[in-house]
1. What number of residues within the range 197-223 satisfy the criterion of being within 22 Å of the chain's Cα centre (by Cα) and either part of a loop (DSSP other than H, G, I, E, B) or surrounded by fewer than 22 Cβ atoms within 10 Å (Cβ to Cβ) (or both)?
2. If I ask for residues that are of a type in the set (A, V, I, L, M, F, W, C) and in a loop (DSSP other than H, G, I, E, B), which ones from the range 224-254 would you list?
3. Read through the list (1) under 18 Å from Ala218 (Cα atoms); (2) within 15 Å of the ligand (Cβ to nearest atom), then give the number of the only condition that Asp111 fails.
4. Within the range 130-146, identify whether any single residue is surrounded by fewer than 18 Cβ atoms within 10 Å (Cβ to Cβ), polar (S, T, N, Q), more than 20 Å from Met234 (Cβ to Cβ) and out of contact with any Pro (no Cβ under 9 Å at 6 or more places or on another chain), and answer yes or no.
5. Is at least one residue of the range 255-273 charged (D, E, K, R) and either within 16 Å of the ligand (Cβ to nearest atom) or closer than 14 Å to Asp139 by Cα (or both)?
6. Looking at (1) over 30 Å from Leu39 (Cβ atoms); (2) surrounded by 14 or more Cβ atoms within 10 Å (Cβ to Cβ); (3) out of contact with any Ser or Thr (no Cβ under 6 Å at 6 or more places or on another chain); (4) hydroxyl-bearing (Ser, Thr, Tyr), which is the one condition that is false for Ser318?
7. Among the residues of the range 81-121, how many are in a helix (DSSP H, G or I), touching a residue at least 12 places away in the same chain (Cβ under 8 Å) and more than 27 Å from Phe51 (Cα to Cα)?
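The values are calculated or read from the model by the stated rules, or taken from the named source; none is laboratory data. As the structure is a prediction and not an experimental result, all values here were calculated from the model. Note that each Cβ is placed from the backbone with ideal geometry, even for glycine, and that neighbours are counted across all protein chains shown.
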Amino acid sequence: MKSVVLPNYNRNVLRAILSLEVRVSEKPVPVGDEVLVRLHAAPVNPSDIAFIQGGYQIVKSLPAVPGFEGSGKVEEVASGLEDWLGKRVSFFVQDDKSGAWSDYLVVKECDLIELHEDMDMDQAACLAINPFTAYGLFDVTGAELSRAVIVNAAGGQVPAFIRSLAQEHDVKVINIVRSQAAFNKLKSNGEAYILLESEEGFAAKLKELAHDLEATIAFDAVAGAQSGVLFNAMPPDSELVLYGGLSNKPVSELSTMDLIFNDKMVSGFNLSAWKELIDNKEFKAISESIQMKFITGKWETHIRSDFSFDQVTEALKSYLGDMSGGKVLLKPSKI
Ligand SMILES: NC(=O)c1ccc[n+]([C@@H]2O[C@H](COP(=O)([O-])OP(=O)(O)OC[C@H]3O[C@@H](n4cnc5c(N)ncnc54)[C@H](OP(=O)(O)O)[C@@H]3O)[C@@H](O)[C@H]2O)c1
């Protein structure tokens with residue numbers, strides 16, 4: 001089988017990308033609670049970029065196969081897991097010895113999502129992380145009860161699912177983007193509230209809007225000084241939820257007085273930790289309802305193009321050149 005392999009972590013993203021190799025090895029054998037999945041496709045996410053730079057929470061032994069999610073078909077199973085044989089699945093994988101950018105990989109049973117027969121396999125490749133993250137962010141904050149929320153990096157996929165959930169519950173969304181292209185795209189999609197983070201008076205405009213609309217929750221994927229701008233813009237009794245660190249900077253500029261006197265809160269969200277709070281039955285029900293959103297066309301991950309493992313450098317450069325332009329998928333080479 002072929003896999004994309006990272007020989008060394010490198011803070012310099014271009015060097016990290018250029019160091020990726022395609023290697024041939026034996027298929028792994030599933031043991032214990034594992035199944036062997038034959039990959040259909042795996043996306044490139046911001047966490048993969050942080051991972052190859054050695055800047056992510058997950059650090060694997062080297063050489064390592066990147067990729068934390070994908071879709072495929074179960075081809076072999078460890079003893080006792082025969083019910084999974086032949087099933088189409090989405091999966092989440094963070095194990096040291098396994099990565100999604102591979103023809104075959106072993107996945108733990110608890111990290112499999114059984115797919116509905118009508119679920120598209122390319123969409124399923126991007127199912128295990130972002131849609132559940134948007135759902136989980138709404139769940140933990142009770143955002144459906146708020147009047148308005150703020151999202152930054154708003155051209156990305158998690159914010160797109162957050163907007164859809166917000167619309168379902170009649171919650172308004174203030175979108176923040178960093179590029180004019182992402183601004184224009186959201187505008188043409190009919191978004192009412194969009195701010196460009198570089199525009200003059202950005203912090204003041206955000207504050208006015210957040211107070212007018214009563215935006216009491218901010219979902220922050222950027223961090224750095226922007227966390228402070230979001231936090232300080234919201235009215236009393238608000239919550240800033242950090243779920244990404246796209247700026248690669250520590251959270252800063254939070255108003256101390258707001259923290260002390262205005263009952264504002266800062267929290268973090270991690271999908272894996274949220275999933276651990278949910279039992280199997282509830283997770284299955286959530287998975288079913290999320291898959292139905294895709295099947296009925298209500299939700300869609302915007303996928304720009306797909307690349308073979310041999311084109312991994314091109315794929316990552318293309319993704320980083322226009323992250324709001326949609327996901328790129330890595331697919332096994334056709335045999
Ligand atoms: N905590 C969790 O459990 C969890 C789970 C899933 C995802 N996440 C995080 O959620 C975030 C969004 O992921 P995604 O898959 O939705 O992203 P995506 O669809 O790949 O898009 C990334 C978006 O972020 C924007 N962006 C990138 N760097 C930025 C920066 N420094 N400042 C402002 N905007 C920036 C991009 O804008 P341009 O087009 O201008 O580049 C693009 O709109 C990531 O940080 C990811 O790690 C966290």
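1. 4
2. Met234, Leu246, Val251, Leu254, listed by residue number.
3. The number of the failed condition is (1).
4. No, the range 130-146 contains no residue that is surrounded by fewer than 18 Cβ atoms within 10 Å (Cβ to Cβ), polar (S, T, N, Q), more than 20 Å from Met234 (Cβ to Cβ) and out of contact with any Pro (no Cβ under 9 Å at 6 or more places or on another chain).
5. Within the range 255-273 (the criterion being charged (D, E, K, R) and either within 16 Å of the ligand (Cβ to nearest atom) or closer than 14 Å to Asp139 by Cα (or both)), the answer is no, since none of the residues qualifies.
6. (1)
7. 1
To keep it simple, each residue is scored yes or no on (1) more than 29 Å from Ala50 (Cα to Cα); (2) assigned by TED's automatic domain parsing to the domain that holds Gln157; (3) among the hydrophobic types (A, V, I, L, M, F, W, C); (4) touching a helix residue (DSSP H, G or I) at 6+ places or on another chain (Cβ under 9 Å).
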residue: Lys185; (1), (2), (3), (4): no, yes, no, yes
residue: Val222; (1), (2), (3), (4): no, yes, yes, yes
residue: Pro235; (1), (2), (3), (4): yes, yes, no, yes
residue: Gly245; (1), (2), (3), (4): no, yes, no, yes
